[in-house]
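Report on the following structure.
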Amino acid sequence: MVYLDDSIMVKGEKCTVGSKILGNFASPFTATVVERLDVDFETVPLGEFGMAAPPSMPKTPLLCNDVFGFIREMAAKDGFVYIRPTYGSVSRYGLVPIACSMDQIGVLCKNTDEGFELLGKIAGRDEKDGAMLPQNKYSYDTVEQTIRFAVCLSGYKSESETLRQRIANAGIKDCKEMENKYFAAADAVHSILAYGEASNNISRYDGVKFGYRTKEYRNLAQLYTKSRTEGFGQSAKLAALMGAYVLSQGNYEKYYEKAMKVRRLISESLNFGDYDVLIVSPKNHVAVLAGLPSISFGGMQFVAKPQNEGVLRAALETLK
Amino acid sequence: MKNYEVVMGLEVHVELSTQSKLFCSCSAKFGAGANQNVCPACCGMPGMPAVTNKHAVELGIMAALLTNSEITPVMTFDKKNYFYPDLPTGYQITQWFAPICKNGWVEIETSSGKRKITLKQIHIEEDAGKLVHDTRTGTSLVDFNRTSIPLNEIVSNPDFRTAEEVVAYLEKLRSLLSFAGVSDCKMQEGSMRCDVNISVREMGSNVLGTRTEIKNMNSLKAIAAAIEYESQRHIDALETGCETLVQETRRWDDAKGVTFAMRDKEDATDYRYFPNPELVPIAITNEWMAEVKAKLPEAADVKFVRLTGDLKLPEYDAGIICSSKNLADIFDGTMKYFDNAREVSNWMLTELLSVSQGENKGYDDIVVDCEKFAKLIRLAYEKTINRGTAKKLLTKVLEEDIDPEKYVEENNLGMVSDTSLIETAVNEVLAQNEKTVAEYKAGSEKVFGFLVGQTMKKLAGKADPQMVNTVLKERLK
């Protein structure tokens, strides 16, 4: 049995994405990742558009799209493993879009074997998703090599001691400590871009075509405003407002465009030359920003360069 | 009275002639019933990522080449945000930061001679749907067939000074783009739409006056009328102060012959443009441009030169053929099988067009099998059949798609040129119509036609009419 969070579409089934505004919307088609499964599956709820924590403890293995990091943090805390594959390696056909440059289906699981077995079935090129890497199939085999670890605490100094302790407890030796001058901005960059894109992706929920529509309205403006005010929860409203703000005339260059530039600096600063796996705080959004594969486990987040999931798998196998 | 100058810039939207829509695989064909050509993506449902239609980009490259534009080496798509029921996703995918091309030009010819209209840019974008207002129930209905149809928006600089120039430009665009297969540019079907930005200033000034935008002109005639009206409205306002000019969008009412301000303040909208991360940037390489350039068919003005030059057709005839891509294709297609340009052109302009006009078909709607048409023309030219037979067969070719050669053989329609057969027929006719013969001999020239007709009838319409004429004239001496 595989669990799907309620943003992965199954034909004929209600899809709410955790929000009242989807109303009774039933998916007109099935997601590619679901088509590629060979086992039974069940849909479970998520926080509204993934912008809040899931309402209940998730069951595993769970396929989910974790843009805002709630699943990642939960995994780190509650004994799960969360694997987020390289951006562009798993089809987004049938995934309700939140932030297109960050959406990536990953798996919450008990251990890496379970997780990679499932990922191996669903990952790979799909022509229905135009922004995918060319590889058709992924085997995610563990690589046979000595893993060089590094840790970067920049931007999350308050967690330094905890993280160092966990690294030691996990038996990781020779973990280089390094600084990164852009990590301190990662949080803000992530918020600006994620909310900007999300505000746009939820524009389609307007009470006109499907989903929730307010009962009484006198004109078009009221149809829109009342449907969205009544249909969206706090998280979605925050996203809509923040997103509109950072994209608005006069603010775009200061916030959104600037965030895109810093995002590139962050990506380019991770050279994976002297190290194979970078350990960061589970709260750190760098993997999402740079489209890198990452595994969150035991209070730590392990990040590798694109398509190096095998390295991550090997890294986790060395842990106590 | 001061001298005023009217300054105009145009935004022309043309629908690209692709099979499917710009970002999904729905059919882009015109004329389907409401909401027939739709899918979850173009209805604003979540979950279907946008995938760019390569053919649409190629047509965009063609438009860029045809307008002598500078093509962007890496082209991207952006999102333009606003709420309206005909825009199901709440945003339009367009090109704000890196349009496909810039700084092109189009040469036009008017009564004042030739000049170049310069273009600011061309960009590719998706169309919105259509709203239909049901006055019975007071509801509005949305049809998403047109949503995500690929468009090119062609933005000119404010180079226009007269309505004549505007009309010449639109006709030139239509000729360039329809001949290349980029768009069929039919204003009546909405595949070419034009908005005019207009302002007025004193002659000699180099400061632009207050600008208004006119929308909803559905024909070249309406555009010319709207420009006349609006420029006069501006001049009156400046001269007399009867009203204050405001930068706004105005709608042309063809029935009343006036423009009026639209109630929604569209100019105030902040569209919050940002790059579309779903769509990968597209590199337009020199190789690709060369490939596309090689596919460009012969342009109308080049064809005109060839038809009047090498093929020695009269300018009038060449002009008609070159005015419509369909006619030009029929001409070229037929010439492949029978390359007598004069004959093909005559048959097209006299017989083919008159049959079609009788059926109320425009130049663009005529459908004929070029090989069969060529065979027919050859049969007539080689005098295998006479012209009367040929005309009748043309109708059969158009309606029943017959093969003329086979049909003539099977039905024994070959022209009768055997002198003895004709003489026998003529003799019979003269014997059976003594009264008419007497009238002719008494000086009534016009009954000659009747006698010809009777002879033709006797020979089942297959006789060589010239021979009948000659023999009859001989006999009647």
Exercise for review: Looking only at segment B:371-412, count how many residues are over 28 Å from the mean Cα position of the chain (by Cα) and not β-branched (Val, Ile, Thr).
Suggested key: 21
Point to revise | Residues being aromatic (Phe, Trp, Tyr) and more than 9 Å from chain B (Cβ to nearest Cβ) - total across segment A:217-268 | key: 4
Review point. Restricting the first residue to segment A:118-140 and requiring it to be facing another protein chain (nearest Cβ under 9 Å), which pairs with a second residue that is polar (S, T, N, Q) meet a Cβ separation below 6 Å and a spacing of at least six or different chains?
Key: A:Asp129/A:Ser91
Check your understanding: Pick from segment A:27-47 the residues that are within 16 Å of A:Thr16 (Cβ to Cβ) and crowded, with 24+ Cβ neighbours inside 10 Å: which of them is modelled with the lowest pLDDT?
Key -> A:Leu46
Check your understanding: Quick one: which of B:Pro297, B:Pro275 is over 30 Å from B:Pro46 (Cβ atoms) and in contact with a Lys or Arg (Cβ under 9 Å, 6 or more places away or on another chain)?
Key -> B:Pro297
**Study point:** Answer from A:Gly243, A:Gly299 - the residue that is in contact with a Pro (Cβ under 9 Å, 6 or more places away or on another chain), under 20 Å from A:Gly69 (Cβ atoms) and not aliphatic (A, V, I, L, M)
**Key:** A:Gly299
Practice item. Go over the candidates B:Tyr271, B:Tyr337 one by one and state the one that is in a loop (DSSP other than H, G, I, E, B), in contact (Cβ under 8 Å) with a residue 12 or more places away in the chain, within 14 Å of chain A (Cβ to nearest Cβ) and surrounded by fewer than 18 Cβ atoms within 10 Å (Cβ to Cβ). Key: B:Tyr271
Practice item. Output the residues belonging to segment A:173-216 that are more than 12 Å from every other protein chain (Cβ to nearest Cβ), in a helix (DSSP H, G or I) and touching a strand residue (DSSP E or B) at 6+ places or on another chain (Cβ under 8 Å). Key: A:Phe183
Revision key, fill the gap. By residue number, the members of segment B:421-471 that are in a loop (DSSP other than H, G, I, E, B) and within 27 Å of B:Ile385 (Cα to Cα) are B:Lys446, B:Leu459, B:Ala460, B:Gly461, B:Lys462, B:Asp464
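Yes/no per residue for (1) in contact with a helix residue (DSSP H, G or I) (Cβ under 9 Å, 6 or more places away or on another chain); (2) more than 14 Å from chain A (Cβ to nearest Cβ); (3) modelled with pLDDT of 95 or more:
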| residue | (1), (2), (3) |
| --- | --- |
| B:Ile214 | yes, yes, yes |
| B:Glu228 | yes, yes, yes |
| B:Phe260 | no, yes, no |
| B:Leu296 | yes, yes, no |
Practice item. Answer with yes or no whether A:Ala52 is in contact (Cβ under 8 Å) with a residue 40 or more places away in the chain and assigned to a helix (DSSP H, G or I). Key: no
Practice item. Tell me, please, whether a residue that is modelled with pLDDT of 95 or more, within 19 Å of B:Arg193 (Cα to Cα) and out of contact with any Lys or Arg (no Cβ under 7 Å at 6 or more places or on another chain) can be found in segment B:138-146. Key: yes
Practice item. Tell me which residues, restricted to segment B:433-472, are out of contact with any helix residue (DSSP H, G or I) (no Cβ under 8 Å at 6 or more places or on another chain), more than 24 Å from B:Thr384 (Cβ to Cβ) and surrounded by 12 or more Cβ atoms within 10 Å (Cβ to Cβ). Key: B:Ser444
Review point. Restricting attention to segment A:5-18, which residues are within 11 Å of chain B (Cβ to nearest Cβ) and more than 16 Å from A:Phe41 (Cβ to Cβ)?
Key: A:Val17
Practice item. Could you identify the single residue in B:Lys392, B:Lys383 that is out of contact with any Gly (no Cβ under 6 Å at 6 or more places or on another chain) and not in a helix (DSSP H, G or I)? Key: B:Lys383
Study note, to complete from the structure: Within segment B:22-40, residues within 14 Å of another protein chain (Cβ to nearest Cβ) and either within 19 Å of B:Gln95 (Cα to Cα) or free of Cβ contacts under 8 Å to residues at least 60 places away in the same chain (or both) come out as B:Leu22, B:Phe23, B:Cys24, B:Ser25, B:Cys39, B:Pro40
Exercise for review: Name every residue in segment B:200-227 that is surrounded by 21 or more Cβ atoms within 10 Å (Cβ to Cβ) and touching a Gly at 6+ places or on another chain (Cβ under 6 Å), in order of residue number.
Suggested key: B:Val200
Review point. Right, B:Asn3: away from every other protein chain (no Cβ under 11 Å), modelled with pLDDT under 95 and out of contact with any helix residue (DSSP H, G or I) (no Cβ under 9 Å at 6 or more places or on another chain) or not?
Key: yes
Practice item. Could you tell me whether segment A:238-258 includes any residue that is closer than 30 Å to A:Phe183 by Cβ, surrounded by 15 or more Cβ atoms within 10 Å (Cβ to Cβ) and touching a Leu at 6+ places or on another chain (Cβ under 6 Å)? Key: yes
Check your understanding: Considering only residues of segment B:88-126 that are of a type outside the set (Phe, Trp, Tyr) and more than 28 Å from the chain's Cα centre (by Cα), which is surrounded by the fewest Cβ atoms within 10 Å (Cβ to Cβ)?
Key -> B:Ala98
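So that you can scan it fast, the table gives a plain yes or no per residue for (1) in a strand (DSSP E or B); (2) not hydrophobic (A, V, I, L, M, F, W, C):
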{"site": "A:Leu4", "(1), (2)": "yes, no"}
{"site": "A:Val10", "(1), (2)": "no, no"}
{"site": "A:Thr16", "(1), (2)": "no, yes"}
{"site": "A:Ile21", "(1), (2)": "no, no"}
{"site": "A:Asn24", "(1), (2)": "no, yes"}
{"site": "A:Thr30", "(1), (2)": "no, yes"}
{"site": "A:Val34", "(1), (2)": "no, no"}
{"site": "A:Asp38", "(1), (2)": "no, yes"}
{"site": "A:Thr43", "(1), (2)": "yes, yes"}
Exercise for review: Can you tell me which residue within segment A:77-117, out of those that are of a type in the set (S, T, N, Q), under 15 Å from A:Leu63 (Cα atoms) and part of a loop (DSSP other than H, G, I, E, B), is farthest from the other protein chains (Cβ to nearest Cβ)?
Suggested key: A:Asn111
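The values are calculated or read from the model by the stated rules, or taken from the named source; none is laboratory data. Since this is a predicted model, take the numbers as computed values, not measurements. In this analysis, Cβ positions are derived from the backbone assuming ideal geometry, glycine residues included, and neighbour counts consider all displayed protein chains.
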